[in-house]
Amino acid sequence: YDNDLLADTVEVHDPLLGTRTPRPAFIARKAGKPTAVILQVTAPDGYSGAIQLLVGIGVDGRLAGVRALSHRETPGLGDRIELAKSDWIRGFEGKSLSNPEASGWAVKKDRGEFDQFAGATITPRAVVAAVHRALQFFDTHRPEL
């Protein structure tokens with residue numbers, strides 16, 4: 001991108017993003033054309049409360065990346081959603097609504113495609129669901145984003 005992400009925003013609010021509070025969606029552009037959007041997403045059902053995420057989605061609907069912004073998950077277990085602790089969060093890169101199919105958007109314990117952590121299933125389950133909902137939001141609102 002070659003634009004100022006902090007200045008190029010659209011206000012969004014939808015329960016799919018985990019909150020009814022309006023938030024900015026940051027639009028990445030190259031030579032004036034949109035290339036990606038970065039959404040602020042809340043996984044409200046983490047083990048120790050809400051997990052705040054940034055979800056980057058390319059114009060083609062594929063995930064560019066997901067990062068945990070804040071959480072109160074258990075150190076040594078649920079905190080493996082942080083890139084500094086584990087590369088688990090990178091498993092979303094390149095995924096889309098159709099890759100995997102809808103039934104695959106779950107942790108392996110629930111017959112999905114995403115790993116869970118030994119001793120911690122609730123945290124990854126919450127993150128996987130929130131990222132999937134972000135992709136659904138993007139698909140529905142792509143024209144305005």
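Checking the range 123-137 against the condition returns no match, with no residue being open to solvent by 70 Å² or more (accessible area, probe 1.4 Å) and either part of a strand (DSSP E or B) or out of contact with any strand residue (DSSP E or B) (no Cβ under 9 Å at 6 or more places or on another chain) (or both). Being within 15 Å of ALA134 (Cα to Cα) and of a type in the set (D, E, K, R) is a property that ARG62 has.
You will find that of GLY104, GLY94, GLY78, GLY119, the residue that is surrounded by 18 or more Cβ atoms within 10 Å (Cβ to Cβ) and either in contact with a strand residue (DSSP E or B) (Cβ under 8 Å, 6 or more places away or on another chain) or of a type outside the set (A, V, I, L, M) (or both) is GLY78 and no other.
Of the residues in the range 84-105, at least one is among the aliphatic types (A, V, I, L, M), under 14 Å from GLY56 (Cα atoms) and not in a loop (DSSP other than H, G, I, E, B).
Among the residues of the range 16-71, just one is within 16 Å of PHE92 (Cβ to Cβ) and of a type in the set (Asp, Glu), namely ASP60. Taken together, the criteria place ILE51 among residues that are under 12 Å from the mean Cα position of the chain (by Cα) and at pLDDT 95 or above. Residue pairs whose Cβ atoms lie under 6 Å apart, separated by 6 or more positions or on different chains, with the first residue in the range 67-82 and free of Cβ contacts under 8 Å to residues at least 40 places away in the same chain and the second open to solvent by 60 Å² or more (accessible area, probe 1.4 Å), are ASP79/LYS85.
Among the residues of the range 107-116, the one identified as in a strand (DSSP E or B) and open to solvent by 10 Å² or more (accessible area, probe 1.4 Å) is PHE114. When ASP60 is tested against the conditions (1) of a type in the set (D, E, K, R); (2) closer than 25 Å to LYS33 by Cα; (3) touching a residue at least 40 places away in the same chain (Cβ under 8 Å), the lone failure is (3).
Annotation: ASP60 fulfils all but one of (1) loosely packed, with under 15 Cβ neighbours inside 10 Å; (2) under 12 Å from the mean Cα position of the chain (by Cα); the unmet one is (2).
The values are calculated or read from the model by the stated rules, or taken from the named source; none is laboratory data. Not measured: the values here are computed from a predicted model. We place every Cβ from the backbone using ideal geometry, glycine too, and count neighbours over all the protein chains shown. To get the accessible areas, we keep the full protein, side chains included, count just its heavy atoms, and leave off ligands, DNA and RNA. Shrake-Rupley method; radii C 1.70, N 1.55, O 1.52, S 1.80 Å.
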